[in-house]
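First up is the structure itself, then whatever we jot down about it.
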Amino acid sequence: MISRCTRLFLLLICTCIFTLPLFSQDNSCGTINGNLIVSNTNDDGPGSLRNAINCANELEGPNRIIFSIPGTGRKNIFVGSTTGAPLPALSDDGTVIDGSFQPGATDRPRIVLDGSQGNWEAPINGLFISGNGCAIYALEIRSFPDDGIDIFGANNVKIGTPGKSNVIYS
């Protein structure tokens, strides 16, 4: 016969084994020192801007998305090229997307959000901001069928600052 103490111990062990997956986290957000890192130009998946925006929206509090894409030269992110979808809205207050961290950044933005390869059936914005206090720095945004950046219902949004300006083409 198993003692009551042994039964409680076995119950505790079984509970830990079966609930451990509930407490583990998939760190597909790629955070370093509290920053969400965009490490490739893919339209979707780990290391993509789309993934970083989704992570920022899920993580409470202000978040900063920065870029560290290997290689030299400008980096084109063809939004919608594989997903057929616009980028998610920036809905978490205080989210900053800062392209100035991309290695080799100069006066001209190194990160380009390009909507030319999306098969858009409706007016799509390059970025849609609905969170208060968000900021967009050092991006080039081009070839979207609607606005480069659309702000809806948000206050205190910053679009560029000296030394971190954006370039937006229609």
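Bear in mind these aren't lab numbers, they're just calculated from the coordinates by the rules spelled out. Since this is a predicted model, take the numbers as computed values, not measurements. Quick reminder, even Gly has a Cβ in these numbers, built from the backbone with ideal geometry, and neighbours come from all protein chains shown.
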Potential lengthening between N119 and N155 on full extension [0.36 nm per residue; Cα-Cα distance subtracted]: 9.8 nm
Cα→Cβ-extended label distance, 7 Å offset, between D147 and A85, nm: 2.2 nm
Amide proton proximity set for I124, modelled H, under 5 Å, gap of 5+: D146
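Add +1 for every Lys or Arg and -1 for every Asp or Glu among the other residues with Cβ under 14 Å from the Cβ of V112, and state the total.
+2
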Coordinate range along principal axes, alpha carbons of the range 93-166, Å, largest first: 35, 28, 15
Prolate/oblate/rounded call for the range 19-170, Cα gyration tensor, a/c under 1.5 rounded: rounded
In order through the range 50-63: 3J(HN,Hα) via Karplus (6.51 cos²θ - 1.76 cosθ + 1.60), integer Hz, x for Gly, Pro: 4, 5, 5, 5, 4, 5, 4, 5, 8, 7, 6, x, x, 9
Cut-off 9 Å between beta-carbons: net charge of the residues surrounding V96, Lys and Arg +1, Asp and Glu -1: +1
Placed amide H near V96: partners under 5 Å, 5+ positions off or other chain: N63, R64, I65, A135
Karplus-derived 3J(HN,Hα), 6.51/-1.76/1.60, for each residue of the range 119-133, Hz, glycine and proline x: 9, 7, 10, 8, x, 10, 8, x, 9, 10, 10, 10, x, 5, x
